Structures are given as C-alpha cells and as structure tokens.
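Down below is the structure, laid out as structure tokens.
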Amino acid sequence: MSNRMAVVLAAGKGTRMKSSLYKVLHPVCGLPMVEHVIRSVKQSGVEQIVTIVGHGAEKVQEVLGDSSEYALQAEQLGTGHAVLQAKDLLASQEGTTLVICGDTPLLTGETLQQLFETHETTGAKATILTAVAEDSTGYGRIVRSANGEVAKIVEQKDASEAELEIKEINTGTYVFDNQALFVALASVKNDNAQGEYYLPDVIELIKADGDIVSAHIMDDMDEAIGVNDRVALSQAQQTMMRRINLMHMRNGVTFGNADSTYIEPDVVIGNDTVIEAGVQLKGQTTIGSNCFIGMNSEIIDSQIADNVKITQSVIEHSSVGELSDIGPFAHLRPNSVLGQHVHIGNFVEVKNSNIGDETKAGHLAYIGDADLGKDINVGCGTIFVNYNGKSKARSVIGDQAFIGSNANIVAPVNVGDKAFIAAGSTIINDIPEEALAISRSEQKNVPNYWEKLSKK
C-alpha cells in the first residue's frame, strides 16, 4: 500500500444553509459533518490529512484539533484552487491523495478503502468515486470507453441525449497520484463563467497526458449525498440514524421503533437490551446488557451497567450500577453516581451525589450534593437543602439510615449509620448513630374552632 494522504475541502461558507453556523459544522447525529468525514478518512488508512479552511476557519480547527493539518483558502476560487492550497504540505511527497468534501458525512471508511484499492490495482493516475443513480438529473455523467476506462466526465448542461441516459454519476470524491495531481493543478485554467478553478479539469488534463483514469462504483448511493441545505441535512440525519440503529440491531439490541430512536455514533449498547420508541442516547454513553430503556428517555454521556431499568427519565453525565431502576420521570443531573440495586422513583432529582447499594428514593425528592450510604430509605418529599444563597455544601448519610417523609436536611450535616429522621423534621445538626432526630414545632389544638368560625 502506497503512502496515503487526504485533502478535505471545508472552506465554503454554505450560504444555502441560511445559518450563522459554518456549513461543515452542522451536526449529523451529534457530530459535525466534517468530523464524520475525518473519521472515515482515517479508517481508510490515510496517514496525513490536510483540511482546507476558509470561512469559519478558527471554529473548524477548534472542532478538529490535531486530527488534521490545515491550509487556508482566503478566497473561494473553486475546488481546484482549494486543493492547490495544500501544495506546500503535500506536493513534494510520493503517494496517493484522496480529495473529499467536508459536507459528505455519510461516506464510510470502507467505501474510501475500496476507492483506494481500485486506484492502486488499476495503476491509474486518477480514480473517481462514482455511483449508479436511479435519477441522475443534475449530476456529472461518467462516460466510459470500450475497455471500461473513464473517457470523460460530462456535466448535465453539456451532455448529449445519449449521455443524459447514463446512470453512473460523479460523486465529487477522487483519488489521485499525488505528484500528478499537483502538476495538473498548475495547468488548470479559470476561463469559465464563474472565473473559478475546477478540480474535475484535472481529470481531463491527466487523460490528455495519456494516463489512466479509472472509477470505482460505490455500493450505496445514499453515501454520496452532499449537504448543501437543511433538506439535505435532514436526509443525512435520517440515513445516519438508520445506519447506526441497524448496527446495534445486528449486535443484539432490540428496538421498539427504530425509526423514532436517536442514537449518536459513539454510543455503546450491550446485547439483549431493549430500547423503546422515542429514546435518545447521546455522546459517550454506554448501556450494558439486558437493560430496558423506556419510551422517551434521554441519556447523555452516561454509563449504565447491566440489568438496569430506566423508565421515561433523563440521565446526564452520570453512572448507574447494576440492577438499579430509574423513573418514571426521574432526573439524574451531572456527577450522580448510583450503586447497585438503587431505586430512584418518579419525580426524584439527583445532582452531584453518590448513592450506595440498595438505597431507595421512591418519589418526589431532591438529593443534591450528598453522599448516601447503603440501604437507606429516602421518604417522599425529602429535600437536601444544599444552597444557602452564596455557596453549596454537602451532607453525608450513613448506612441503613431512615429519612422520613417531608424532611429537610440543611447542609452541611452528617447523619450516622442506622439513624432515624422523623417525618416533617428540618435537620440542621449532625445526628449520631442509631439516634432518632425530631425537629418539629409544637402542635396546638384549638377546641370548638368550627363553632367560633361559623359565628363570624
């Protein structure tokens, strides 16, 4: 395998997106389009990537970081001019160069690998990635010679009636012999209506020199989509969703309704897990085996162990131990760590807290900035009062403690093992082990009150 390089074209503004966000940074399933492209390029065995930036250059570099080198196209003078900006970084090298657009998020590493292999086995100086389209309207057609080599690319407006019937189209992705690419680019002219330098002209120049131009037909036309507006962005999102969900199904995950389930590319799911309709799994989330993720749950950057049940709840930047159950309508906010066999019931909110094994908070409670031990009962209406208006403090609850309903625990408080907090108490001081804490105002009963009220 020869030295493989890539030029990613990401300098266009994308005016048809009608957006303040630079086009290639629009997300598809949670990742910017250009990041999908970079990932696929790396999967194809490319060793050096140069991304051509222009509009929004700093933001693109911020997203991609050191996964690429960069060259600036200060003026957008066409695709040929864009590739030429990588000359100082690439032109002196021997090898093969992929040229790919940053708005093609559906192209896979496998397809790009096949494109490289076709190029290398045919001995071509240039190889075009093509597709067979049911409707080829608007695309450049691939005209082949009798021996199967590419004779030319003809654009729609220049095509004859016979050429318009051709179904093989140019996807705009190419592989070149690196030296031949930059030699040809130096000869590309801009004598066209737009006054721009076009990359497809390189194909004609290479062909004119008597060198071989080949083409690789991709298996799936859907991969060829270039995102230029919000309609195409939506189509790319739907295609990516289906691709991701199909992969999980083949790995042993059951979907209630895959078409309504949103899963981002880096999510990992164990086998025999059931995902119901409307679920959204985002970021660096891991779901274990034999889990149940109920309808309309949202899980973000969280780790869910095996045999966990989550019902209509939101979990973000948290972890849930094995055999625990969450919801319905619970919310685990960032930095919540739950042990095994933990029960977080309906309308319970947990934030920045550690909850030990077997602890239960059945309903209508707020647990914030707290460390709870094992086998604790948190009664209905319990509030961990963690904020005094200026700063936050933590509370610690020992193993097997009992917290009665409607208790207020005003941090910082330490509650010992097997301590009891009576219902309706407001706790402001530490409680020793095995003690009962009661903090209520004295109850007063006024006799004959109804009679007095009725006489008013």
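The values are calculated or read from the model by the stated rules, or taken from the named source; none is laboratory data. Keep in mind that this is a model prediction, so the values were computed, not measured. Don't worry about glycine lacking a Cβ; one is built from the backbone with ideal geometry, like all the others, and counts go over all protein chains shown. With ligands, DNA and RNA removed, areas are computed over all heavy atoms of the protein, side chains included. Shrake-Rupley method; radii C 1.70, N 1.55, O 1.52, S 1.80 Å.
Keeping all protein chains in place, calculate the accessible area per residue for region 230-437 (probe 1.4 angstrom), answer in Å².
Details: 9030 Å² over 208 residues.
On a per-residue basis, region 230-437 sits at 43 Å².
Where nothing but the Cβ of Lys and Arg (+1) and of Asp and Glu (-1) is charged, how large is the charge dipole of region 204-322 around its Cα centre, in debye to the nearest 20?
Details: 7 positive and 18 negative charges, 71 e Å.
Charge dipole of region 204-322: 340 debye, to the nearest 20.
Mind giving me the nanometre distance, one decimal, between the label points for Lys392 and Met249, set 7 Å out from Cα along Cα→Cβ?
4.1 nm
For a quick check of understanding: with a 1.4 angstrom probe and all protein chains in place, what accessible area in square angstrom does His363 have, to the nearest ten?
Here the residue's solvent-accessible area equals roughly 80 Å².
Which distance in Å, rounded to a whole number, links the C-alpha centroids of region 424-456 and region 1-71?
Centre-to-centre (Cα) distance: 66 Å.
Among (i) 26.1; (ii) 30.8; (iii) 22.7, only one was calculated for this model; which label is it, if the read-out is Kirkwood radius over Cα pairs in Å?
Read-out taken from this structure: (i).
Taking the simple approach of a point 7 Å from Cα along Cα-to-Cβ for both Arg16 and Ser67, what is their distance in nm?
For Arg16 paired with Ser67, the spin-label model returns 2.5 nm.
Is region 4-223 best put as rounded, prolate or oblate by its Cα gyration tensor, with a ≥ b ≥ c the root eigenvalues, rounded for a/c under 1.5, and otherwise prolate when a/b is larger than b/c, oblate when not? Show your work: numbers first, answer last.
Values: a/c = 1.41, a/b = 1.32, b/c = 1.06.
Cα axes put region 4-223 in the rounded bin.
Restricting attention to region 287-355, which GluC sites (Glu not before Pro) occupy a DSSP loop and are surrounded by at most 16 other Cβ atoms within 10 Å? Could you put the intermediate results ahead of the total?
On the way: sites: Glu298, Glu316, Glu322, Glu349; in loops: Glu322.
Here no GluC sites (Glu not before Pro) fit, given the DSSP loop and packing criteria.
So for the chain, taking the charge dipole from beta-carbon charges (+1 Lys/Arg, -1 Asp/Glu), which of Met17, Leu164, Asn147 sits furthest toward the positive end?
Farthest towards the positive end: Met17.
Counting only protein heavy atoms and a 1.4 Å probe, tell me what percentage of the chain's accessible area is made up of carbon and sulfur.
Heavy-atom surface of the chain belonging to carbon and sulfur, 1.4 Å probe: 49 percent.
For the charge dipole of the chain, defined by +1 on Lys and Arg C-beta atoms and -1 on Asp and Glu C-beta atoms about the Cα centroid, which residue among Ala57, Ala193, Val320 has the Cα displaced farthest towards the positive pole?
Going by the Cα projections, it comes out as Val320.
Just name one of Ile344, Leu77, Gln48: the one whose Cα is farthest towards the positive end of the charge dipole of the chain (beta-carbon charges, Lys/Arg +1, Asp/Glu -1).
The residue sitting farthest along the positive end of the dipole is Ile344.
Using a Förster distance of 35 Å, how high is the FRET efficiency between Lys42 and Glu149, based on the Cβ-Cβ distance and rounded to 0.05? Present the calculation step by step, with values, prior to reporting the outcome.
Values: r = 30 Å, r/R0 = 0.86.
So, using R0 = 35 Å, E works out to roughly 0.70.
In deg cm²/dmol and to the nearest 500, what is the mean residue ellipticity at 222 nm of the chain if only DSSP H runs of at least 4 residues count, each as -39500 (n - 2.57), divided by the residue total? Present the calculation step by step, with values, prior to reporting the outcome.
Numbers: 10 runs with 91 residues, N = 456.
Dividing the helical sum by the residues of the chain leaves -5500 deg cm²/dmol.
For region 1-64, which trypsin sites (Lys or Arg not before Pro) are both in a DSSP coil and crowded by at most 11 other Cβ atoms within 10 Å?
On the way: sites: Arg4, Lys13, Arg16, Lys18, Lys23, Arg39, Lys42, Lys59; in loops: Lys13, Lys18.
Answer by residue number: Lys18.
Magnitude of the Cβ-charge dipole of region 1-145, K/R +1 and D/E -1, about the Cα centre, nearest 20 debye? Walk me through the numbers on the way to the answer.
On the way: 12 positive and 15 negative charges, 86 e Å.
Computed about the Cα centre, the dipole is about 420 debye.
Report the paramagnetic label zone for Asp266: residues of region 1-41 whose backbone N is under 18 Å from a point 7 Å from Cα along the Cα-to-Cβ axis.
So the set is 25-41.
Please give the FRET efficiency for Arg440 paired with Phe347, using the beta carbon to beta carbon distance and R0 = 25 Å, rounded to the nearest 0.05.
Details: r = 25 Å, r/R0 = 0.98.
So the FRET efficiency works out to roughly 0.55.
Could you put Thr285, Thr79 in order of accessible surface area, largest first, with the 1.4 Å probe and the full protein assembly present? All intermediate terms of the calculation are to be shown ahead of the outcome.
Numbers: Thr285 0, Thr79 55 Å².
Largest accessible area first, the list is Thr79, Thr285.
Using the Cα centre of the chain as the reference point, and only Cβ charges (+1 on K/R, -1 on D/E), how large is the resulting charge dipole? Debye, rounded to the nearest 20.
On the way: 36 positive and 58 negative charges, 430 e Å.
Its charge dipole is roughly 2060 debye.
Put Asp272, Asp191 in order of accessible area, largest first, 1.4 Å probe: what do you get?
Working: Asp272 95, Asp191 135 Å².
Ranking Asp272, Asp191 by accessible area, largest first, yields Asp191, Asp272.
I'd like the GluC sites (Glu not before Pro) in region 368-456 restricted to DSSP loop residues with at most 16 other Cβ atoms within 10 Å, sorted by number.
Numbers: sites: Glu433, Glu434, Glu442, Glu451; in loops: Glu433, Glu434, Glu442.
The qualifying sites are Glu433, Glu434, Glu442.
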